[in-house]
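Report on the following structure.
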Amino acid sequence: MNTLFNTDVGLLGGVGEKTKDLLRKLGVPSLGALLYYFPRGYEDWTDIKKVSQVNFKDDVCIKAVVISGVKIIKLGAKRTLYKALATDGEENMEITFFNNKYVVEKLQEGNELLLYGKVQKNFNKYEMVCPKMCVKGKEPKCLRPVYSQINGLYSWKIESIVASGLRYAKGRLCESLPERILAENNLCKLEFALENIHFPQNKESLNIARERLVFEEIFIWQIGMRFLKMGICVKTEVKLKKDYTDEFYFSLPFFPTNAQKKAILECIKDIRSSAERCMNRLLQGDVGSGKTVVAGALAYNIIKNGYQAAIMVPTEILANQHCETFKKIFSGMHINIELLTGSLKSKAQKEIRESIKEGKIDLLVGTHSLISESVEFKNLGLVVTDEQHRFGVGQRARLVSKGNNPHVLVMSATPIPRSLSLIIYGDMDISILDERPPNRQPVDTFVIDSAKKERMYGFIKKVLENKNQGYVVCPCAKESEAENLLDVKNYKEELLKKHGFSKYSLEILHGKMKSQEKEKIMKDFLGGKIDLLICTTVIEVGVDVPNACIIIIENAERFGLSQLHQLRGRVGRGKGKSYCILVSDSKSKDSISRFKVMATSNDGFYLSNEDLKIRGPGEFLGSRQHGNINFKLVNIIEDISTIKKISRVADQIFRNWDSISLDERSIIEKSVKNFFKSGNQENIII
Ligand code: ADP
Ligand code: MG
């Protein structure tokens with residue numbers, strides 16, 4: 001199967017070098033990828049509609065007779081318009097083409113035509129512009145595939161390449177799923193499925209084909225996820241002999257919430273379980289729910305039991321802050337904490353690396369420099385990744401590989417709808433912090449346009465007078481000529497010079513500053529020396545300054561819903577009332593609906609569901625937040641019950657892996673390999 005699957009598409013008839021390059025651009029270098037390049041839709045030439053019934057957004061098929069033959073209108077040297085009038089028996093409709101002399105013959109009076117495309121209505125007149133056109137009797141008799149195309153490689157061309165690919169593979173395709181699984185789940189054979197997903201005999205055979213391929217996609221994905229997990233999560237020697245959780249609670253300046261206690265208990269149970277398996281757990285909690293405490297409790301337990309712990313975070317600012325937080329919590333407890341980031345001088349880095357290797361450092365906090373090859377631990381027992389959506393599985397796996405199968409906790413501030421977490425996290429165990437620390441009030445969110453900014457400045461001053469602090473987030477660090485967006489530098493100048501902020505302490509913070517500068521500013525802000533921090537989204541993840549209680553987000557239309565929520569999560573972390581003001585002059589429907597959702601809810605889970613609705617799963621998953629998972633057929637929202645059903649089948653197979661036949665195993669393993677080859681494994685996050 002592998003060799004057939006990997007056959008170069010260039011070997012197919014009609015595929016020259018140029019086409020081959022274009023196919024590669026589409027992600028189709030091999031016969032296997034070609035056969036799995038499914039149509040994005042189908043033209044149905046048998047479902048004939050009347051002009052008056054159609055939905056103007058849809059592509060439809062219309063049968064019409066030409067009643068007034070083609071008129072040729074020259075619009076200049078290079079543009080010619082061809083127009084004819086036709087009737088479907090009830091309504092008249094204009095048919096228009098540009099620069100296409102081949103239509104003349106078909107658009108003769110009296111000809112009966114089938115037209116495929118969108119119908120428009122302009123000033124009460126129906127019109128089809130550049131439809132596909134067949135003389136009656138010559139139309140395709142079945143569903144015709146429509147492929148996503150690129151310049152130079154159009155759907156009809158792909159169609160013919162796929163057809164020759166199918167001919168090439170006929171009779172030689174090996175099954176991608178074991179026979180038994182096909183039979184038990186009532187699924188058709190691969191050859192039938194591939195033929196009919198591309199060239200369905202009829203709608204029923206398309207459904208049968210689709211059902212089989214959806215099954216395959218989910219099943220193989222789910223098994224693949226479990227393989228991935230197996231690679232990371234096997235037996236471990238790291239054990240807790242004694243539970244130090246109560247001692248840790250005693251060191252906290254507050255009482256843990258019930259949700260925190262429950263999550264910590266779940267983790268400790270995993271780690272102490274007699275199965276001696278690694279913990280592999282995801283902790284989901286909305287911004288401000290107190291995830292750091294959970295990480296702290298586990299680190300404390302692991303360290304007290306004689307191991308090292310590592311916490312990896314996506315930004316230096318956050319690494320610094322976590323390091324400070326843990327130093328405070330663990331002060332006087334003889335725990336050695338160090339920070340390792342890329343911006344440390346190489347001599348300092350070297351020293352830290354040596355201490356880690358010798359086991360002198362108990363808790364290492366850092367950015368992705370933790371996974372660089374030169375970092376070796378003496379006995380790493382726990383790996384925590386905070387704000388996991390910033391890391392791919394490859395990065396995390398590399399950190400894990402540094403220990404002798406350490407336990408793994410992955411913390412996520414972006415709540416993912418359950419339907420998605422099921423897919424993204426495979427069978428990772430999940431703990432949820434569904435409770436905020438006490439005395440928290442929801443953040444009040446307002447949306448204003450720039451005309452009301454003067455009033456907003458007044459409001460900010462009132463907050464600052466009250467000895468509270470605030471953030472202003474601008475989309476840019478520096479002025480850019482290309483776009484009319486606010487930047488932190490000018491914003492600060494304007495506040496000082498034009499809006500009467502000179503008696504307050506203002507600072508700017510953005511990603512392009514030197515890390516020492518950033519560090520100092522964050523420290524000063526945390527220490528209350530800065531009243532208002534004018535910054536870019538560098539503060540987006542994790543930053544925790546409880547005294548900050550107002551955040552202004554300028555050009556709010558530039559940010560997605562989850563990102564707005566993350567930014568808003570920087571306030572509302574203390575006892576006082578907090579405010580979030582979104583400033584935007586955008587009239588776009590999408591932005592307005594995002595703002596509305598922000599103003600009505602503080603609940604991250606609700607918001608991410610809404611985000612999913614507004615952006616669609618493709619973009620939601622495709623964004624930097626979740627790596628790059630692209631399903632070809634499965635719609636994560638619509639197919640959720642199917643996904644659950646098939647996940648259960650996958651789970652059963654996986655549990656009984658050792659007892660299924662070698663043949664069956666090798667079929668599944670090959671399919672998993674092919675599946676992950678076509679995706680981007682580095683980016684898959686578990
Ligand atoms: P997250 O990482 O989930 O966004 P943090 O761990 O940064 O949240 O916690 C947010 C703030 O809440 C911090 O200032 C932290 O000290 C505080 N906090 C956490 N747990 C509690 C608790 N049980 N009671 C009071 N304050 C808490
Ligand atoms: Mg956090």
Cα gyration tensor category, rounded, prolate or oblate, for the range 46-135 with a/c compared to 1.5: prolate
For the chain, with only Lys/Arg (+1) and Asp/Glu (-1) charged at the beta-carbon, what is the dipole magnitude about the Cα centre, in debye rounded to 20? 900 debye
Simple spin-label model, 7 Å along Cα-to-Cβ: E351 to K644 in nm? 5.6 nm
Could you give me the ³J(HN,Hα) list for the range 246-251, computed from phi with Karplus coefficients 6.51, -1.76, 1.60 and θ = phi - 60°, whole Hz, x at Gly and Pro? 4, 4, 5, 4, 4, 7
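Multiply the residue separation of Q53 and S68 by 0.36 nm, subtract the distance between their alpha-carbon atoms, and state the gained length in nm to one decimal. Intermediate results must be reported in sequence, preceding the final value.
Details: separation 15, 0.36 × 15 = 5.40 nm, distance 2.30 nm.
Stretched out fully, the Q53 to S68 stretch lengthens by 3.1 nm.
Mind scanning K74/K589; K136/K157; K242/K291 and naming the pairs with a C-alpha gap bigger than 28 Å? Present the calculation step by step, with values, prior to reporting the outcome.
Working: K74/K589 39 Å; K136/K157 23 Å; K242/K291 23 Å.
Flagged as over cut-off: K74/K589.
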Once exposed loop chymotrypsin sites (Phe, Trp or Tyr not before Pro) are cut out (DSSP; at most 15 other Cβ, 10 Å), longest piece of the chain: 255-686
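Mind scanning K304/K514; K57/K132; K489/K518; K25/K613; K328/K489 and naming the pairs with a C-alpha gap bigger than 26 Å?
On the way: K304/K514 36 Å; K57/K132 16 Å; K489/K518 15 Å; K25/K613 29 Å; K328/K489 33 Å.
With Cα atoms farther than 26 Å apart: K304/K514; K25/K613; K328/K489.
Test of understanding: what is the full-extension gain from K360 to D243, defined as 0.36 nm times their sequence separation minus their Cα-Cα distance? Numbers along the way, then the final one.
Details: separation 117, 0.36 × 117 = 42.12 nm, distance 2.22 nm.
In short, 39.9 nm is gained.
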Distant-in-sequence amide H partners of Y42 (H built 1.01 Å from N, under 5 Å): V146
Once normalised by the length of the chain, the mean sequence separation of its alpha carbon contacts under 8 Å that are 6 or more apart gives a contact order in percent of 12 percent
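Rounded if a/c is under 1.5, else prolate if a/b is larger than b/c, else oblate: which is the range 302-355, with a ≥ b ≥ c the root eigenvalues of its Cα gyration tensor? Can you show the working numbers first?
Working: a/c = 1.89, a/b = 1.33, b/c = 1.42.
Since a/c reaches 1.5 but b/c is at least a/b, the shape of the range 302-355 is classed as oblate.
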With a cut-off of 8 Å between alpha carbons and a minimum separation of six or more residues, what is the relative contact order of the range 46-135 in percent? 30 percent
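Give, as a single signed number, the net charge of other residues whose beta carbon lies under 14 Å from the beta carbon of E465, with Lys and Arg counted +1 and Asp and Glu -1.
Values: positive: K461, K462, K467, K503; negative: D531.
So the surrounding residues net to +3.
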What length, rounded to one decimal in nm, is gained on full extension from T46 through to N490, with 0.36 nm per residue of separation minus their alpha-carbon distance? 153.7 nm
For D429, which sequence-distant residues (separation of 5 or more, or a different chain) have an amide H within less than 5 Å of its own amide H, given hydrogens modelled in the peptide plane? N280, L282
Which residues in the range 33-47 have a backbone N closer than 18 Å to a point placed 7 Å from the Cα of K138 along the Cα-to-Cβ line? 45-46
Mind listing which trypsin sites (Lys or Arg not before Pro) in the range 235-286 are in a DSSP loop and have 16 or fewer other Cβ atoms within 10 Å? K239, K241, K242
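Read-outs throughout are calculated quantities, based only on the coordinates presented, and are distinct from any laboratory measurement. The structure presented is a predicted model; accordingly, all values stated were derived computationally and were not measured. Note that each Cβ is placed from the backbone with ideal geometry, even for glycine, and that neighbours are counted across all protein chains shown.
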